[in-house]
Every structure is written in structure tokens, then in C-alpha cells.
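The values are calculated or read from the model by the stated rules, or taken from the named source; none is laboratory data. On a predicted model such as this, the values are computed, not experimentally measured, just so you know. Because the Cβ atoms are built from the backbone with ideal geometry, glycine has one as well, and the counts that use them run over all protein chains shown.
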Amino acid sequence: MTILEATNPVDTAETAAKDTIKMKEADLNEAATESDHKTVGDCFVENPKFSVRDANVYYGDKQAVFDVSLDIGENEVIAMIGPSGCGKSTFLRCLNRMNDTIDICRVEGKIELDGMDIYDSRLDVVPLRARVGMVFQKPNPFPKSIYDNVAYGPKIHGLVSRRVDLDEIVETSLRRAGLWDEVKDRLNQPGTGLSGGQQQRLCIARTIAVSPEVILMDEPCSALDPIATARIEELIAELSENFTICIVTHSMQQAARVSKRTAYFHMGKLMEVNETQKVFTNPDHELTEAYITGRFG
Amino acid sequence: MSSTLLLALMFVGFITIYKLGRSRSLALATNVGGARYLNSLPFYYGMITVLWAAIPALILLGLWYAFDDAVIQAIVVQHLPAEIREAGNTEIGLVLNKVRLIIDNQFLGEPPEYMTVAAAEINKLTTLSSNLLAALIFLLMSVSASVGYFRIHPQMKARLFVENWFKLALLICSMIAIFTTLGIVLSVLLESIKFFRSVPITEFLFGLEWSPQNAMRADQVVGSSSFGAIPLFAGTLLIAFISMLIAVPVGLMSAIYLADYAPTKVRSTVKPLLEILAGIPTVVYGFFAALTVAPMIRDLAIGMGLDNYMTVTSESALAVGLIMGVMIVPFVSSLSDDVINAVPQSLRDGALALGATKSEVVKQVVIPAALPGIVGGFLLAVSRAIGETMIVVMAAGLAANLTANPLDAVTTVTVQIVTLLTGDQEFDSPKTLAAFALGLMLFVVTLALNYIALHVVKKYREQYE
Ligand SMILES: Nc1ncnc2c1ncn2[C@@H]1O[C@H](COP(=O)(O)OP(=O)(O)O)[C@@H](O)[C@H]1O
Ligand SMILES: [Mg+2]
């Protein structure tokens, strides 16, 4: 367990304390690898937007997500936290079937969006992805103009036929992403010329331009400076009035600030789901506690 | 001493000198507190001593080899009988050639006395020269190596010195390519200027008729020749155009398939196959074009009754263009495949996550992002098509027809260069010189194309780095 080793105190004066912590870590380790684990807390909600049951994800022979069951409510912001490599991104990418792009990836279990099985073999992923948008870790604007970046989604889905309507969608999306004032005079310049934070807001604008119901965000602020991060967090708060948002984050403060519920993942297993308030003050699972108190991660 | 032996001995000398220099630096280092108080690593002290020994020795060697034959010859000439010396340079040259034959034991019959003497003298002098050289080299090497050896001290900036010399060596190597190009361009340019003295440049550039006549001897009349290059360039462009018509769509589509659609298994078999296709010698494509495709096209055209409206020959631009296109497909597809693969996966993911279909992603995101690189690849392919000779020689013929009819025989610039320069001709005749003028034109055209292509490709690279 390299994750645990990294947290060993180095001070020799604390040898005794170190021993007890080590014992505790061994216990935690065991708890994490226990085969018949059960997620603690409230996994389920009334009238869920997404309902995931017993999801298992494999990359080739290697399993990355184990028996995850979780509901995500309408217009709620749910944060997913956990150490690196614990399967947060993998789980998130199941929700809009982005894992389809990886040849060796296989998803089992049942994932329903408004009661519709999204892994049904007859389902077309194109309308699914229009309903479930995604913002990536690294801003990835297209090498096109700012205008075309935002207009791309509405165009391919044929949402508008007249140029004025398209202009309006572009403007409202950029306004909602809090970018309009900064770019309104240079809509024809390349999106790749913006700063990192602006690029990420452009990607958010691009996503909301197709009016999705759910927005998945995979560590959207990890490549940004604190000011740009604060800007995006405000934006998430505003967007949560109209969208269901699942956000993966490495920052516990961020999870605490933006989300209503928090899910803690550990080595591919969902350990605990609870109200954010509770997770960060009085978690039910000892691994959650170990993580939020900074003993590993 | 033979020169191989000399070089081998010098090499052994260098190794010894290296060891000496290195151990001296280490010995000196113990006085100042160990090897880490040396200015540079011991390796550099060894190398600096070698450089001290090698540079004068190599300069001497070079000069010696450049001049020793001339000196020996001058001495031998001095000792030839007076009547030969006075008979002039041509006579002396003839005698010297015969003397060389004697040395090589290939003289037929009984040589005159003075020649045998001269041969013996040359042999003697050559041996003397090489022994003298060896002695001088080793003397020089020991002197300069000792100077270097005793100059070593712990504060010496050995690394800087050695690195500067290595930088110089690298520079010289890169200069070789530049000077070779320059030399080729200059010689082509000079011969072309000679050509333009006898044929006006306007006639060459804008003339519509190409029929160079043979001038076997200098006194032959060449009045009936005409050197208008337009039919050649038209033929070249026609063939290049037809081949690009095949190569661009097929190559691009196969690149798109390989990069974005093919399963890993298919990709890993098809890619090497394409590369094998690129390795087939063009002469093989050539006889395929000449023996199979060209007659087929003619029969087809005649079958369709096209011969009532236009010339249909068994050597056609169409056959050559088709086969050349197939030949260029792997070139286009491998270049495009590289640039398409260089488009970051994150862009594809971004579009897919918006609900774009695979073909929308390819058409609207991947291709536009890769376009500059793809265009650069096309331009390189065009210059390949223009430069290709063998297929055209074999399947399109030599007739310089000015035509846009793809079923007719045409010829290209490169093919004409080949035909102009093969066979026995007076070297200074306009016909031969015309080849250089054509070469110059071709060089300018492909250079311009390559320049544009590289420029475009570079611009594309900047976009993602
Ligand atoms: N494309 C992939 N191919 C193979 N294994 C992968 C791939 N992506 C992720 N994994 C593996 O799945 C596990 C979970 O990864 P991920 O979901 O990216 O974790 P997180 O986002 O929580 O850091 C890791 O062990 C990782 O090595
Ligand atoms: Mg991740």
C-alpha cells in the first residue's frame, strides 16, 4: 500500500505514535480489501436522476470499480472524493458512456437515467451524451473560434436553424459560464488563445449550450489557479439551480464548498455516501475519516 | 610504411596519449585533494592531450597526402630525357601514364630504358615519402603530446576546450550537407547559363515545342532543334495531377480509417503492409504500368469508342498517373496518419461528450485540427510525383505532346533529362546542356513546394506544443 506508506511520520521522537498509527493503517487496509464490503450512509434518494446498481468496471482483466450502488438526485451537486487511482474518473465516465471510447473497458451492472437503462444495447449514445454533458480535467477547447466552440453542440444537434437563434444560445451560454464580458469583443478569436481558467469556463459554456440535464465534471479546477477556481466554484453554485452536477475533486475544501452530498471512494469501492456536512464533520466510515484528516490521499 | 598501418599506429598512439593525460590529471589531483578538485573530469584531460597531439599530426597528414604525388612526379619529370621534357606537357603525360603501367605490371612489350628507370625512381620515392611521413608524424605527435601533457594542471578548463572542438567537428559535419547542395546547385546553374547562351531563356520557358536533335559531333548543325519546355512541364503536371487524384483521397481515407476507426489488431497489420508497399522499387510499378495497366486502358478506351474522338495510345498519361498514384498512397497515408494521431485525444473526447457522432468528430474536429499537417503531406507527395521518373519512362513514352488528353502519350521533365544525358553526345551541345536547364527548373519547383510544405507543417506543430 504505497498510499499509506507515504504518510509515515519521519520524526524519530514520535516512534511510539508511529507504531500505533501503523497498526491502525493495517486495520484500515484490511477494511478496504474486505470482499463483502457495504457502503455506509445514504446511497439512495427519492426520484433519483441517476440510479446506479452494482456497477463493476474492468480494464481488461483489471477491475477498477467494485459493486458501486448510488443514486444521484435531481438538481443536486454530488462530490466524489478519494485517493488517486481509486476509480472516481472511471465511475464518472460510466454515466455518459465515455468509457466506450476505451477498447479494453467493460462495464457491468445497471445504470439508469430517469428510469432508462443507459447500457441497453439498443440505446444510442448520441442523445445520451447530449443529456449528460462532461467537463474534463484539462481544458480542451477546439482549435476553432470562441463562437464556434460554443456553437458546435447546438449545430450538430440541429437545435437551431437561424443564425440569430444560434447567436442567442452562444451569448446566454457564455453569460451563464461567466465568460461573456471577457470575450464578447473577440468571439472570432481562437478559443485556444484564452487563459486556462477562461478556457475551462469556455468548455463549461460549450457543455451548457446543448442544455444537458446532468453535467459531469472531472477535477475541473485541478489545472487552474485559486482565483479561476473560485470563479468556477461560484459558477457551479449558480448552475446547480438548473442542472444535476457530479463533480470529482481532489480538494476537500472544494467538495465542502460546492456539494450537497459527498461520496468517498477507496480502491474502486464506494465506502461512504452522506450529506457533505456530515462527511466532513462526523463521517461514518473510518477510512473516510482517515482520508479527510489527511492520513492518506 | 603503408598508410593503413600508419593510421592504425596513430590510433594506438592516441589511446596511449589519452591514458597518459588522464592519469597525469589524476596524479596532479592527489596534490590538491582528490579528483573532485579538478576543474573537469579526468576524461577531458585525456581528450585534451589527444587533441593536442592529433590536430597537428592530422594537418600534416592531410597536407602530405595532398601534395606528395605532385612532388614525386615533378622530381621524376626532372630526370626524364631532355627531348621528352621539351616535347611538351601532352608528351610528358603520355610517358607518365606508361610509367604507371610499368609500376602496375601491365605494360605490354619491352619498355624503353628511361621508363624503367623512372618507374624504379617513383617506387623508391614513394617508399621514402611514406617512411618520412611516418617518422615526421610520430615526431610531431610526441612533441605536441608532451607539450599538452605538461600543460595539464588542475585548474585547466579542459572540458570547455574539448567541447569547443567537438562543436567544431559537429559544425563541419553539418556543413558537408550544405556545401554538397550548394555545389550541385552551382554546377547545374553554371551549365544552365551556358545553355541559355545558345537558346534564349524565353524560348525555353515559353516555347511550345520540344524536339532536341542529336548533335553527335561539334560541327553538326543543330538548327532544327527546338527547346520549348512547356510540353514537358504540361506532361509532368498532367501525370502529377492524375496521380494526386488517386493518392490524396485514398491515402487520406486510409489514414483516417487507421487512426480513428481501425481496431488495434487491424492497425498493427495494415500499417506495416502499407510500409512494404512504400518499399517496392518504382521500376516494378513501372512494368506493371507498362505491361498491364496501359494496354488495359487502351483496350477499354477503344471498346468505349473513345478513339473516334481523341488519340488513344498504348502509352498513356492515365496509366502512369494511376500507378504513380497507387505508389504514393502509402506516402500520403503514413504522413496523414501521423498528424491525425497527433491530434490530442482530449479534443475527440470533448466533441464526443457533446454528443457528436464518430464521423462528426472526424470531419469537424480531427480533420480541421490536422489540416495544415495533412496539406503539408500532400505537397510533399506532389513533389514526389513530379520527381518520379522510372514509371514514366516505362509507361508514358518519350513523345513530347502538348495535350490534356490523358489517353495520349506524354513525357515529363525527369524523363527528358534522362534521355538527354544517356548515349554518346558532344558534351557542350545545347541538347546536353538543356538537361541542366530542365534540372534547374525542376529543382526550383520542388524546392518551392518543399519549402511551403515544411512551413505549413511547422505552423501546425506550433498549434499543439
Ligand atoms: N484507460 C485505462 N486503461 C487501463 N487502466 C486504466 C485506464 N484508466 C484508468 N485505469 C485504471 O483504473 C484505476 C482507476 O483509475 P481512475 O478512474 O482514473 O482513478 P481516479 O480518477 O480516481 O484517480 C486505476 O488503477 C487506473 O490505473
Ligand atoms: Mg481521475
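Pull up the stretch A:206-220, narrow it to residues that are crowded, with 23+ Cβ neighbours inside 10 Å and within 16 Å of ligand 2 (Cβ to nearest atom), then point me to the one that is farthest from the other protein chains (Cβ to nearest Cβ).
Going through the qualifying residues, I end up with A:Pro220.
Filter the stretch B:19-47 down to the residues that are hydroxyl-bearing (Ser, Thr, Tyr) and within 11 Å of B:Pro154 (Cβ to Cβ) and list them by number.
B:Ser25, B:Thr30, B:Tyr37, B:Ser40, B:Tyr45
Residues in the stretch A:43-60 that are in contact with a strand residue (DSSP E or B) (Cβ under 6 Å, 6 or more places away or on another chain) and more than 16 Å from ligand 1 (Cβ to nearest atom): how many?
Residues flagged as in contact with a strand residue (DSSP E or B) (Cβ under 6 Å, 6 or more places away or on another chain) and more than 16 Å from ligand 1 (Cβ to nearest atom) within the stretch A:43-60 amount to 9.
What single numbered condition from (1) part of a helix (DSSP H, G or I); (2) more than 14 Å from chain A (Cβ to nearest Cβ) fails to hold for B:Glu315?
(1) is the only condition that B:Glu315 fails.
Tell me the residue from B:Val366, B:Val415, B:Val362 that is modelled with pLDDT of 85 or more, within 24 Å of the chain's Cα centre (by Cα) and either surrounded by 19 or more Cβ atoms within 10 Å (Cβ to Cβ) or in a helix (DSSP H, G or I) (or both), please.
Values: B:Val366 fails: within 24 Å of the chain's Cα centre (by Cα); B:Val362 fails: within 24 Å of the chain's Cα centre (by Cα).
The match here is B:Val415.
Of all residues in the stretch A:78-131 being within 16 Å of ligand 1 (Cβ to nearest atom) and facing chain B (nearest Cβ under 9 Å), which is modelled with the lowest pLDDT?
Filtering the stretch A:78-131 for residues that are within 16 Å of ligand 1 (Cβ to nearest atom) and facing chain B (nearest Cβ under 9 Å), the one modelled with the lowest pLDDT comes out as A:Asp103.
Exactly one condition in (1) within 15 Å of ligand 1 (Cβ to nearest atom); (2) on the phi < 0 side of the Ramachandran plot is not met by A:Met267; state its number.
(2)
Please state which of the following conditions B:Ile276 fails to meet, knowing it meets all the rest: (1) free of Cβ contacts under 8 Å to residues at least 12 places away in the same chain; (2) more than 19 Å from B:Ala381 (Cβ to Cβ).
(2)
Just to be sure I understand, how many residues within the stretch A:132-148 are farther than 13 Å from A:Gln200 by Cβ and within 9 Å of another protein chain (Cβ to nearest Cβ)? It would help to see each step written out before you state the result.
Filtering the stretch A:132-148 down to residues farther than 13 Å from A:Gln200 by Cβ leaves A:132-133, A:142-148.
Within this subset, residues satisfying the condition of being within 9 Å of another protein chain (Cβ to nearest Cβ) are A:132-133, A:142-144.
Qualifying residue count for the region: 5.
Which of (1) within 14 Å of another protein chain (Cβ to nearest Cβ); (2) free of Cβ contacts under 8 Å to residues at least 24 places away in the same chain does A:Leu202 not meet, given it meets every other one?
Unmet condition: (2).
Being within 16 Å of ligand 1 (Cβ to nearest atom), part of a loop (DSSP other than H, G, I, E, B) and of a type in the set (Val, Ile, Thr), is that true of even one residue in the stretch A:287-295?
No, because not a single residue in the stretch A:287-295 is within 16 Å of ligand 1 (Cβ to nearest atom), part of a loop (DSSP other than H, G, I, E, B) and of a type in the set (Val, Ile, Thr).
Checking B:Asn341 against (1) part of a helix (DSSP H, G or I); (2) within 14 Å of chain A (Cβ to nearest Cβ), which single condition isn't satisfied?
Going through (1) part of a helix (DSSP H, G or I); (2) within 14 Å of chain A (Cβ to nearest Cβ) one by one, B:Asn341 breaks only (2).
Every residue, every condition in (1) assigned by TED's automatic domain parsing to the domain that holds A:Val164; (2) surrounded by 16 or more Cβ atoms within 10 Å (Cβ to Cβ); (3) over 18 Å from the mean Cα position of the chain (by Cα), yes or no:
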residue: A:Thr90; (1), (2), (3): yes, yes, no
residue: A:Arg97; (1), (2), (3): yes, yes, no
residue: A:Asp100; (1), (2), (3): yes, no, no
residue: A:Arg106; (1), (2), (3): yes, no, yes
residue: A:Lys110; (1), (2), (3): yes, no, yes
residue: A:Arg129; (1), (2), (3): yes, yes, no
residue: A:Ile146; (1), (2), (3): yes, yes, yes
residue: A:Gly153; (1), (2), (3): yes, yes, yes
